[in-house]
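Below is one structure, written out as structure tokens; the observations come after it.
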Amino acid sequence: MQATEKFIDHLANVLNVGGLLCHLLLMAVILLCNPLRPQSAPAPLSVRYPKTCALDKVGGLGDKRAVLCGVSYKKWKYKLKGTINDVFNMKDLLIEKYKYKEENMLLLTEEQPAPRLIPTKANIENCLKWLVKDCKSGDSLVFYYSGHGLRQPDFENDEIDGFDETICPVDFLKEGMILDNDIYATIVNSLTDGVTLHAIVDACHSGTILDLEQVYDKKRKRWRDNKPPSGVRKQTMGGKAYCISACEDDQVAADTTVFSSKQMSGALTFILIEFVRRNPDITYGALLDKMQEKIDQANQQGCAGGSGFLSTICGPNLTQLGEYFRW
């Protein structure tokens with residue numbers, strides 16, 4: 001650099017020009033020697049998603065597989081801002097802590113470059129069928145959903161409160177919602193002996209979204225009978241089904257930044273991931289207690305703009321809560 005400056009000083013003296021030209025020449029030489037590198041463009045959205053689609057996998061599907069669905073309704077009035085964050089945070093948890101492989105996951109969001117994985121009603125139903133296809137003893141399955149949930153009148157007399165719970169695909173206004181009856185029939189009823197399913201549903205009115213027969217009543221510290229009044233039995237074929245829901249059937253949940261100022265996320269999703277990462281050997285009972293404590297603290301502080309309505313329940317077909325939480 002000193003040699004360059006001496007050269008320019010000499011050139012300026014020879015040409016009998018002022019210091020301004022000398023400065024400009026110096027800057028030009030420096031830029032030529034160290035050209036400005038253009039900032040790299042942000043990675044395209046497609047980079048965030050698996051390069052191959054698990055729907056096309058031939059042969060064994062793997063003993064750990066997951067369907068992770070986040071619906072933002074970005075073209076609608078009641079859009080959600082944290083659902084896609086939720087999907088990727090859940091994906092990272094499953095891979096890093098529970099040894100799931102990306103190749104055995106289906107990620108459904110409106111950003112998906114693959115049309116088959118946009119969270120339409122038909123696509124979600126197809127992916128749920130994939131999740132339980134040819135399941136066998138030792139398989140661990142995860143269904144995660146972050147999006148809107150609603151209720152509608154029950155006309156089959158299989159709901160104690162008289163309402164079916166639903167999840168809302170991105171095209172639900174045209175194609176309709178997915179009912180709890182349909183979710184049960186697709187991913188719960190077909191679970192054979194030795195297969196374990198975990199469903200995490202971060203949505204409004206999601207308490208009994210899998211129609212499991214036993215729901216844990218945290219206030220009374222006991223299991224509550226949720227069998228259909230019609231007498232129809234809703235059981236597995238020997239497997240285990242667990243469901244952790246964001247709220248009771250008659251409650252609503254929320255996207256919020258109250259737990260993390262960095263990004264919007266579902267309250268249930270953020271708390272669940274936080275406690276499971278910190279406590280890898282936590283039991284189901286302890287997890288529920290910790291999550292409820294965190295939510296109660298947030299509600300006391302006016303979580304999500306004063307919406308003190310968050311609650312967490314679990315509806316697995318367990319006999320006790322002392323088992324360790326495992327995916």
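In this structure His148 has an accessible area near 50 Å², from a 1.4 Å probe over the protein heavy atoms.
Apolar share of the accessible surface for the range 88-190: 51 percent from carbon plus sulfur atoms, 1.4 Å probe. Derived scalar couplings between HN and Hα for the range 75-85 equal 9, 10, 5, 9, 6, 10, 9, x, 5, 6, 4 Hz in order, rounded to whole Hz, by the Karplus curve 6.51 cos²θ - 1.76 cosθ + 1.60 (θ = phi - 60°), x for Gly and Pro. Rounded, prolate or oblate: which fits the range 63-164 when a ≥ b ≥ c are the square roots of the eigenvalues of the alpha-carbon gyration tensor, with rounded for a/c under 1.5 and prolate only if a/b beats b/c? Oblate is the answer for the range 63-164, as a/c is 1.5 or above yet b/c matches or exceeds a/b.
Phi-derived couplings, Karplus 6.51 cos²θ - 1.76 cosθ + 1.60 at θ = phi - 60°, listed residue by residue for the range 177-185: 8, 9, 7, 4, 4, 6, 5, 4, 4 Hz, with x used for Gly and Pro. For the range 100-108, putting each phi into the Karplus relation 6.51 cos²θ - 1.76 cosθ + 1.60 with θ = phi - 60° gives couplings of 6, 10, 4, 5, 10, 10, 10, 10, 10 Hz, in residue order, rounded to whole numbers and with x for Gly and Pro.
The alpha-carbon of Lys77 sits under 19 angstrom from the alpha-carbons of these aspartates and glutamates, leaving out residues fewer than 8 places away in its chain: Glu110, Glu111, Asp171, Glu175, Asp255. Under a 5 Å amide H cut-off, with hydrogens placed 1.01 Å from N, Lys64 pairs with Ser140 among residues at least 5 apart or on other chains. Could you tell me which of the pairs Lys218/Lys294; Lys57/Lys133; Lys79/Lys218 are separated by over 22 angstrom between their Cα atoms in the structure shown? Flagged as over cut-off: Lys79/Lys218.
With a 1.4 Å probe and every protein chain left in place, work out the accessible area per residue of the range 97-147 in Å², rounded to a whole number.
About 41 Å² of surface per residue is accessible.
For Arg65, the solvent-accessible surface with a 1.4 Å probe is about 0 Å², rounded to the nearest 10. For Lys234, no residue 5 or more places off, or on another chain, has a built amide H under 5 Å of its own. What shape does the range 158-222 take by its C-alpha gyration tensor, where a ≥ b ≥ c are the square roots of the eigenvalues and a/c under 1.5 counts as rounded, a/b above b/c as prolate, and the rest as oblate? Since a/c reaches 1.5 but b/c is at least a/b, the shape of the range 158-222 is classed as oblate. Put simply, the amide H of Leu108, placed in the peptide plane, has neighbours under 5 Å in Leu68, Cys69, Gly70, leaving out anything fewer than 5 places away on its chain.
The values are calculated or read from the model by the stated rules, or taken from the named source; none is laboratory data. The structure displayed is predicted, hence computed values, not measured ones. Surface accessibility is based on the protein's heavy atoms, side chains included, excluding ligands, DNA and RNA. Shrake-Rupley method; radii C 1.70, N 1.55, O 1.52, S 1.80 Å.
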